[in-house]
Each structure stands twice: as structure tokens, then as C-alpha cells.
Amino acid sequence: MPLNVAQKLIKSHLVSGEMIPGKEIGLTIDQTLTQDATGTMVMLELEAMNLDRARTEVSAQYVDHNIIQEDSKNPDDHLFLESAARRFGLYFSRPGNGVSHPVHMQRLAKPGKTLLGSDSHTCANGCMGMLAMGAGGIDVALAIAGEPFYVKMPKIWGIRLTGELPDWVSAKDIILELLRRYDVKGGIGKVIEYYGPGLDSLSAMDRHVIANMGAELGATGSVFPSDEEIRRFLKSQGREEDWIELTADPGAEYDLHEEINLSELVPLIAKPSSPGNVVPVSETAGEKIYQSYVGSSANPGFRDFAIAAEIVKGRKVADGVSFDINPTSRQMLTDLAKEGHIANLLSAGARLHQAGCNGCIGMGQAPATGRNSLRTTPRNFPGRSGTREDSVFLCSPETAAASALTGKITDPRTLDMAYPIVKEPDRPTMDADMLQEPLPVEKAREVELVKGPNIASIPEMASLPDELDLPILLKMGDNISTDEILAGGARVLPYRSNLPEISKFTFEIIDEHYYDRAMIIRSQGGHAVIAGYNYGQGSSREHAALAPRYLGLQVALAKDFARIHWQNLVNFGVLPLTFADAADYDKLAQGDRIELSNLREQIKQGNQVTAAIRGKGYELKLTHSLSERQVNIMLEGGLINWVKSRRQMLTI
């Protein structure tokens with residue numbers, strides 16, 4: 001049977017299950033990626049597993065999120081991560097080397113491989129002909145230890161690209177067009193595969209831009225073929241020997257179909273406060289801005305910065321506008337400087353920041369209160385920028401640069417200039433000095449882990465009780481993001497390795513009194529929360545499951561869940577249940593009590609769960625979608641307990 005690219009990648013790595021959409025499958029993982037906001041917990045989990053050496057082909061630990069050093073917490077964790085990478089046999093990318101996704105693409109990504117990362121935008125490396133997926137940190141820790149990654153077999157959604165992008169329209173507008181059509185739930189349960197003649201004009205980095213924001217559609221991953229363009233890219237990086245051709249077979253089919261004619265696209269923009277709130281830039285033109293921001297893993301390429309530099313060359317940024325330039329890799333920054341683009345940006349009035357995630361994750365560059373910020377970042381969820389009442393728009397580098405010049409949202413096609421032609425360097429700078437290679441095994445075993453005072457061990461988690469009587473501590477609406485469950489930013493992320501401290505920020509964007517209420521009833525059996533559709537969209541950070549669990553969360557009840565957060569809830573022993581009838585959501589109120597009896601047997605016997613609402617005289621019909629393996633994990637109280645139980649059984 002002819003196979004598409006995604007099917008070839010899955011079939012070649014399948015170790016359990018069948019390739020039937022919706023059924024759980026196990027996949028071998030070739031490469032892993034961790035970053036510092038999630039990696040500290042991963043390294044602690046590896047230590048708890050007594051891992052001697054990473055069992056993947058390649059594992060890399062990046063420091064790109066928490067690079068502001070306002071006190072000792074971040075640098076202490078950087079030292080811990082470096083020592084852990086050396087001890088366990090990982091590559092280590094030092095602070096200032098750049099954002100994990102483009103650096104991994106430049107130096108380590110290989111067509112035909114699987115990549116699992118504790119960052120939801122790991123899917124960006126699907127541009128290289130890889131099956132690249134985001135996951136919770138503990139799933140990545142298990143992959144590093146040589147365990148398969150379990151996921152529900154996705155449907156393969158074929159997106160046929162035709163035509164060629166017009167002037168002033170770029171790759172960001174392609175993924176924004178998909179978000180305009182399908183919103184933030186459109187990719188749930190799917191791997192998106194791009195094909196067709198429109199690919200011929202898209203560079204490897206253009207494809208990275210598109211694959212990166214597949215996460216905003218909720219997709220399991222985004223896949224591009226490994227063709228001559230990928231060969232060209234790897235050759236430019238001095239790695240042509242890593243290239244293999246990987247394309248769909250003639251006659252390959254897709255479960256779902258869509259087509260985008262690139263020639264018909266116009267500049268697009270996502271309005272606050274969702275990546276799916278997309279309209280043509282022309283509809284928002286004229287709104288004043290405070291900030292225009294170029295960079296992030298969603299626009300990490302040389303051309304993304306160079307096109308902005310050419311647009312503002314010889315001109316000045318409008319008064320009152322902060323034009324922020326956030327380089328995505330040290331290698332890229334060096335090339336931009338050599339070509340004169342950095343000088344042009346600075347002369348126009350831009351502010352140059354260090355290579356890293358920076359404002360994308362709320363680490364600096366927060367906008368002023370009540371002012372509009374234009375960003376080439378992938379997300380604009382409430383509060384993600386570091387400002388609680390932020391007003392963030394997502395756009396292309398062309399729109400960001402044009403708007404910086406005028407001081408208001410501007411359709412770049414209206415500028416009085418020809419569209420600049422940008423050419424990438426034929427021989428990009430090769431600089432891997434800040435990406436340290438793994439130590440040999442014997443030297444690695446001599447390394448001691450360096451733990452600062454801010455690192456706290458993960459507390460013991462109890463197994464799932466058979467009887468639960470839980471107050472509903474919080475009721476929420478649709479599309480609640482992990483940024484709203486547990487914020488990022490400079491206030492919060494320095495506590496990523498200190499669960500008791502980071503838990504104090506849980507749900508503060510939604511309800512600033514949640515923590516206090518949770519602590520009062522924590523010892524009384526815990527609590528439940530309720531949400532609408534797509535609960536837990538966005539970042540893969542497992543703290544958004546782990547911190548509520550620490551505060552006593554036992555059950556999360558929603559109309560449906562985002563994939564990674566659902567998996568994180570299971571991994572940490574929080575039972576994710578959905579309404580059999582979504583209308584029952586309206587019958588429940590914050591403060592109601594849910595009673596669950598014979599719960600352990602209920603989830604073992606099938607996917608139906610019955611709950612009573614105390615004092616209201618009716619029962620709820622609920623469902624779960626746990627596999628048999630996940631039921632056992634849930635009964636044990638989470639993945640850590642399950643792993644310990646398996647090891648104890650093996651030693652008996």
C-alpha cells in the first residue's frame with residue numbers, strides 16, 4: 001500500500017499497537033529535546049530512575065527560556081542542567097546559544113528520525129522530514145531512558161500547497177491562514193502533512209515557521225518531506241551526509257484533505273487573545289502600537305530578520321514604538337551582523353536582545369499596560385507576554401517591520417517601497433562551540449550533579465482513591481491555556497524546580513484566590529476543576545498538571561482536552577474525565593460537590609464513569625479515554641509510581 005511521509009515515519013518506529021486512528025501506539029524515539037523551563041524536572045526524573053546513560057541516538061538539553069539572571073535561581077539551575085547533561089550523556093546548549101528548535105534544526109535534526117521534546121513547539125523540526133512531537137517532561141525522561149513514547153494514532157491531514165507567495169506575504173501567513181480556517185482545535189488528533197508544488201518555493205526555514213505553529217492548531221505534529229531543499233539546507237550546515245530522501249509514495253492517501261493556493265494569500269494577523277483569532281491585516285490597520293517584536297521559534301530564520309532590516313533600512317522607527325529584535329541563534333546573529341542587517345536595525349532604532357526565547361515566554365520585553373504589541377511569536381494567550389492585561393497580535397516580520405515604521409498596525413503592501421529581495425548566505429557561519437558534545441561514558445560517570453538551593457525533589461503522590469467526595473474549586477470556560485493554569489514569565493519560571501513555590505502561582509490569571517482555597521482543603525481529600533472545550537491548550541509544561549496535583553487536584557472534568565495536557569494529567573495521577581453530554585457542563589457550579597464511588601473498578605471495567613452531585617438529585621455520565629496502560633498508571637497515582645511498581649515487580 002502506498003504510504004505518505006507521516007505513515008512511513010510512524011510505521012518505521014512502531015513498537016506496539018496498530019496504525020488505526022484513535023488507538024494507542026508505542027513509538028521508538030531517536031532524539032529528544034529539553035529546555036531549561038522543563039528540563040530541570042526531566043533531569044530530576046532521570047536521577048530518580050537511576051539512569052546511567054541516555055539510550056537515544058541524540059538527546060540535547062538547551063538553555064533558552066530562563067536566561068534572565070536577576071538573582072541566583074536561574075544561573076544555579078543552568079549549572080545543574082549542565083552537570084546533568086554531562087552526567088547522563090546529553091548535548092548541552094549554553095545560555096546565549098539560541099532557541100532550542102532552530103539550533104536543533106541546524107546542528108542535530110535528521111530526516112527519517114523521531115524527535116520528542118518537553119516543549120510543545122518541538123513539532124517545528126517536522127520541517128526536516130522528522131516525526132517531531134511535544135510531550136510532558138516525564139514522557140521525555142522515559143524516552144531518554146529508552147522507553148517507547150505512547151500516543152494515540154493520529155489521522156493524517158494532507159495539506160496540498162499550490163502557487164507561490166506574492167510579495168509582502170510570507171510563511172507566517174500560510175499557518176495563520178490555516179488557523180483562520182480551523183481555529184485552535186483544528187489539528188487535534190492529527191498529524192499535518194504538507195505536500196504539492198507550492199513546496200518548491202518554500203525554504204527549510206519557511207517550513208520551520210509553518211511546522212512550529214502546528215502546535216497552535218493542537219496537532220500532534222507537522223510533517224514535510226525530506227527533499228532537495230532539505231538536502232540544500234543540510235549541505236549549507238556542513239551536514240549533507242545526514243540527508244536521506246523521504247517523500248510520499250505515488251498514490252498515497254490522506255485521512256483528511258485541504259488545499260491552500262499560496263498565490264491567493266494576503267498578509268494576516270491574529271488578534272488578541274488567541275492564535276486562532278485571525279483576520280487580514282487590512283482589517284486592523286490604523287490601530288496604534290507600543291511594541292513591534294521580531295524573533296522567536298515561530299520566525300527564527302535569517303530571512304525573517306533580514307527582511308525586517310531591509311524594510312527599515314535608512315528609515316526610523318516611529319516615536320513611542322519599542323522595536324524589539326530577538327535573535328534565535330548565535331549562529332544566525334553572527335551572519336546577520338556580517339551582512340550588515342544588525343547595523344541597519346540598530347540605526348533605525350531597534351533594540352537588540354540576546355539569542356533566546358525572551359519575550360515569547362514572558363522573559364523580558366513585556367508590553368506596557370493597555371498598549372498593543374505586534375509579535376512574530378506563536379502565541380498570544382492572556383498574560384503570556386508578562387503583562388496581565390496584555391494586547392498581543394501575531395503577525396509576519398513584514399507586518400511587524402512596516403508597523404514599527406508607522407507606529408500603527410500597517411498592511412506592508414501599503415509601504416512606499418519595492419519588496420526587498422533577501423538572499424541567505426551561501427556559507428552560513430559554522431559555530432558549535434556553545435553546543436557541548438556528550439562526555440564519554442567513563443568520564444560522565446565521574447560527574448556530580450550540581451544542585452542549588454532552589455531545587456526541591458518531587459513529593460510522593462498517593463494512588464487513586466476508590467471513593468472521592470470533591471468540591472468543584474474552579475469552573476472555567478473554553479480554550480483555557482497552560483499559560484493561564486500556570487503562567488510563565490520572569491516571576492514564575494525561576495521556580496520550575498521548586499514545586500511548593502511554583503504552585504503558589506497556579507490559576508492566578510483566572511482566580512487569584514485559588515491557591516489559598518486549595519491549601520485550606522488540601523488535606524481533606526482534594527478537589528476538582530471544571531472546564532469547557534480544549535482545556536490545557538498551548539505549552540507542554542508539565543508544571544500545569546503537577547502544581548495543581550500538589551495542591552490536591554484529583555479530577556479535571558472538561559468537555560474535551562488538549563493532547564499534551566491530557567497526557568500530563570494522567571502522568572501525574574489527575575483523572576481527566578469528559579462529559580458524556582456536554583450540556584451537563586451548564587448544570588454544575590463552582591462549589592458543587594462531585595461524589596465518585598467504586599472509582600477504581602469503574603475505570604478498569606470500561607470508559608464510562610458515573611458521578612453524583614451532592615444535594616442536586618442527579619447523576620453525571622462521564623467518560624475517560626485512557627488506554628489499559630494508562631488505567632494502570634492512574635490506579636498507581638501517576639507515572640512515577642507506575643515505573644517504581646514495575647521495577648519492584650521485576651526484582652521480585
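Taking every pair of distinct Cα atoms and averaging 1/r, then inverting, what Kirkwood hydrodynamic radius in Å comes out for the stretch 5-264?
The answer is 18.6 Å.
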### Message
Can you compute the modelled spin-label distance between Gln605 and Asp516, with each label point 7 Å from Cα toward Cβ, in nm?
### Response
4.3
### Set of lysines near Lys185 by C-alpha distance (under 28 Å), chain-local residues within fewer than 8 positions excluded
Lys8, Lys11, Lys23, Lys113, Lys152, Lys155, Lys172, Lys271, Lys475, Lys559, Lys587, Lys621
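Ordered by packing density, taken as the mean number of other Cβ atoms within 10 Å over each peptide's residues, highest first, how do 364-373, 422-431 rank?
Details: 364-373: 18.2, 422-431: 13.2.
Going by the mean number of other Cβ atoms within 10 Å, highest first, we get 364-373, 422-431.
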### Cα-based equivalent ellipsoid, the stretch 106-208: semi-axes from gyration tensor eigenvalues, Å
27, 16, 12
### Message
Taking a virtual spin label 7 Å from the Cα of Glu245 along the C-beta vector, which residues in the stretch 218-233 bring their backbone nitrogen under 15 Å of it?
### Response
225-232
### Query
Taking a temperature of 37 °C and a viscosity of 0.692 mPa s, what whole-number D in µm²/s does Stokes-Einstein yield for the chain with Rh from Kirkwood over alpha carbon pairs?
132
### Task
Would you mind counting up the charge near Asn454? Only other residues with Cβ under 10 Å from its Cβ, with Lys and Arg at +1 and Asp and Glu at -1.
-1
### Query
Say a paramagnetic label sat at a point 7 Å from the Cα of Lys644, along Cα to Cβ; which residues of the stretch 450-468 have their backbone N under 12 Å from it?
458-463
### Task
Could you tell me the distance between the Cα centroids of the stretch 267-289 and the stretch 573-644, to the nearest Å?
40
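May I have the convex hull volume per residue, in Å³, for the Cα set of the stretch 268-414?
Values: hull volume 12.7 nm³, N = 147.
Looking at the stretch 268-414, the number lands at 86 Å³ per residue.
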### Task
Net charge near Ala298: determine it from the other residues with C-beta under 11 Å of the C-beta of Ala298, scoring Lys and Arg +1 and Asp and Glu -1.
+1
### Reciprocal mean inverse distance between Cα atoms of the stretch 340-447 - Kirkwood radius, Å
17.3
### Task
Starting from the Cα of Lys338, draw a straight line to each of the lysines and keep only those under 19 Å, dropping any in the same chain fewer than 8 residues away.
Lys313, Lys423
### Summary
For the stretch 290-330, inverting the pair-averaged 1/r of distinct alpha-carbon atoms gives a Kirkwood value in Å of 10.9
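Coordinate-derived values only; no laboratory data. Everything numeric in this text was worked out from a predicted model, so none of it was measured. Quick reminder, even Gly has a Cβ in these numbers, built from the backbone with ideal geometry, and neighbours come from all protein chains shown.
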